[in-house]
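Scroll down for the structure; my scribbles are underneath it.
Any read-out appearing in this document is the output of simple, stated calculations on the displayed coordinates, not a laboratory observation. It should be emphasised that the depicted structure is a prediction, and the values quoted were computed from it without experimental measurement. Cβ placement follows ideal geometry from the backbone for every residue including glycine, while neighbour counts extend to all protein chains displayed.
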Amino acid sequence: MIKYCTILILTILCCSNGLNAQKPITLLSPDKRTEVTIDYNKTLSYGVKKDGKSLVLPSVIGLQLEANQLPSGLEKDKITKKLFSTVNEKVTPVIKEKRAEIKNNYNQLSLSFKSGLTLEFRAFDNGVAYRFLTTQKEPLIVKNELINFNFPEKSYIYFPEEESMHSHNERVFKHMPMDSIGSQRFSSLPVLIESPNVPKVLITESNIIDYPGFWMTGTDDNHYALKGIFSNFPLDEKQRSDRDVIISKSADYIAKTIGTRSLPWRAMLIADKDGDLIENQMVYLLADATKMTDFSWIKAGKVAWDWWNANNIYGVDFRAGINNQTYKYYIDFASENNLQYIVLDEGWYDLKDVTKEVSDINVKELVDYGKTKNVGVILWTAWKTFEDKMDEAMTLYEKWGVKGIKIDFMQRDDQKMVDFYRTVAEKAAIHHLLIDFHGAYKPDGISRTYPHVITREGVRGLENAKWSNLPDPKHDVTLPFTRMVCGPMDFTPGAMKNATKRNFAPIFDEPMSLGTRCHQLAMYVVFESPLQMLADNPSNYKREVECLHFLSQVPTEWDDTKVLDAKVGEYVIIARKNGINWYVGGMTDWTPRDYKLDFNFLPEGDYTLDIYKDGINADRAARDYKLEQKTISNKTVMDLHMAPGGGFVIKISPKK
């Protein structure tokens, strides 16, 4: 990533008088609407207000380190320096997940302690974040990090409840009263807080390096409080299969790491309106800027994916399956329809060795064939067998001409597993391989540091429809305000078999989706993934010429993003720009909706549009849709109807 027009202004530098009990310190956001108050009197706490109203009540934070790691604990420490600064810059991302240029404007407070500890707070107009920094020569052993968030009474939460820390983090965001959680329930991140009469707050983290991710649980003494919990450092592991590696013994600490370093950012993203969550890129901005210099090989694009549709192509003269004939068919389909990649998912290699193809697969032959069609090949692997031969495999894949790797089933975010992600990212950059992490924890801004880590799962996506009645439209219109706020989301949309709630059935080898056809099409505008899958099989797409025409045109990167209207868990309408064209996607839950779409976001001029909207019978036959062409201007207001579980998608082009 490249950044420019940086302005760093030192505003205040002062030394304390050596007392550990001090007056509260205040940090304001650039627009002065958000106020962070840090209070240090033996314990360290912070609170956050917006427009004078409390979002986060005073909450204790801190580090618990191995004995004698720092000269004294926080209760005996002293603040020796306060440093205020301001950053106002434009950041140009390598891959345009939301926009071509990102405003990065915040005020920062750095508090230095006598022990060598530093605490940094950043206040943006749309959020607050903090982190600890340490300075010591010997390794740092972190017993625990105290992370607390206290909220006003009667708050609600969108809670992705978990059953184990060995998890794909593919959860439903349960909307519930905060006082129903307690200390016996916990979740992965992010969580979204809804307090009475104040903006919503999303909690997550950024820039996790050589450290575990944190999870969230309630407390029994304060029913409107949340605290962070961690997976302890693994001492022993038990491998159960080629992909499942369970922690069998843990240390009594969460991390052992270098002594001079910064810890991850604890982020609170603030949204005056629900749609502000979707436009917020704080997680990305908090991550380290990339040190890479060659980005020429990092290409976003669309992918013909095999696994969801079980290679069930038809109307061909060969036996479909995991073989070169089938994948050449996928390559031909991709080439004919402006798709940049195909994926060879599970089955192409001996599951014990990621360098040995099965008898019916010749990867080099497929890569060479793809080159003649301008289609790249991405290979799936299970993480453990890949780790066992990482260097050999990456060297081989680069030699073959493979464009990327989809690495799956990590299912953990302890320190050792976080280190695996970073190691993969660093080595993949050397071999010019894109990375798509599946079975993964939430994004943490890593795509800023390593732009070739181009998308990630960690979401209950369309694959679940093969065996369950999720994802459903309500889940679909909750994700943009929760999981997707953290970063790109490999939901894998594109089902051409669509069903109402009454007609749906999970069928593993010939799956369908819940909701209408236009609900699926709209995902290509609403859901962000620079590497975006077409999940259904090419034979089905070829029967749907109009829909395939749209899918062949829709981009995966965006120059601008505007949320036109949105409400968590109910509906979302987003406009995105790519080049001279605009796209608008709308999705609803199971409630039918009528919406007046105002095109006033467009510049002056006349435009032609293609609109795919729910057909009059889409509430009975979810595949029913209607395609219309119209001429409009930025003064046009259009009436649109979304069926239950429905949606619409529009391509807008300047009139020639």
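Restricted to Cα atoms, the stretch 518-563 shows a radius of gyration and a Dmax of 11.4, 35 angstrom.
Calculated FRET efficiency, Arg261 to Gln325, Cβ-Cβ distance, R0 = 56 Å: about 0.60 to the nearest 0.05. Counting only DSSP H runs of at least 4 residues, each contributing -39500 (n - 2.57), and dividing by the residue count of the chain, the helix-based mean residue ellipticity at 222 nm comes to -4000 deg cm²/dmol.
Karplus-derived 3J(HN,Hα) values for the stretch 400-412, using 6.51 cos²θ - 1.76 cosθ + 1.60 with θ = phi - 60°, are 5, x, 5, 9, x, 10, 9, 9, 10, 6, 5, 6, 8 Hz; glycine and proline are entered as x. Peptides 119-129, 313-323 ranked from most to least packed give 119-129, 313-323, packing being the mean of other C-beta atoms within 10 angstrom over each peptide's residues. Considering all C-alpha pairs of the stretch 2-286, those separated by over 37 Å amount to 14%. Between the stretch 210-244 and the stretch 49-108, how many Å separate their Cα centres? Value for the Cα centre distance between the two parts: 23 Å. Legend: distances between Cα atoms for Lys630/Lys651; Lys49/Lys82; Lys302/Lys567; Lys249/Lys389; pairs beyond 19 Å are Lys49/Lys82; Lys302/Lys567; Lys249/Lys389. Between Glu237 and Glu75, the FRET efficiency estimated from the beta carbon spacing at R0 = 35 angstrom works out to 0.45. Per residue, the Cα convex hull of the stretch 425-545 amounts to 119 Å³.
Distance from the Cα centroid of the stretch 540-567 to that of the stretch 432-464 is 21 Å (rounded to whole angstrom). Once both axes come from the Cα atoms, what is the angle between helix 324-336 and the longest principal axis of the chain, in degrees from 0 to 90, rounded to 10? Helix 324-336 sits roughly 90 degrees off the main axis of the chain. Extension gain for Ser359-Arg502 works out to 47.2 nm (0.36 nm per residue, less the C-alpha to C-alpha distance).
Measuring how big the chain is from its alpha-carbon positions, Rg and Dmax come out at 25.0, 84 Å.
Compared with the dominant principal axis of the Cα atoms in the chain, helix 415-430 is inclined by about 60°. Computed from the C-beta positions of Val545 and Asp51, the FRET efficiency with R₀ = 45 Å rounds to 0.30. Helix 363-372 versus the longest principal axis of the chain: what angle, 0 to 90°, nearest 10, using Cα atoms? Tilt of helix 363-372: around 70 degrees.
Restricting the calculation to Cα atoms, the stretch 98-159 shows an Rg/Rh of 1.08 when the hydrodynamic-style radius is the Kirkwood one. Legend: residue pairs Lys143/Lys238; Lys291/Lys403; Lys76/Lys137; Lys384/Lys497, Cα-Cα distance threshold 29 Å; pairs beyond threshold, Lys384/Lys497.
For the pair Leu83 and Asp606, label points projected 7 Å from Cα toward Cβ lie 6.0 nm apart.
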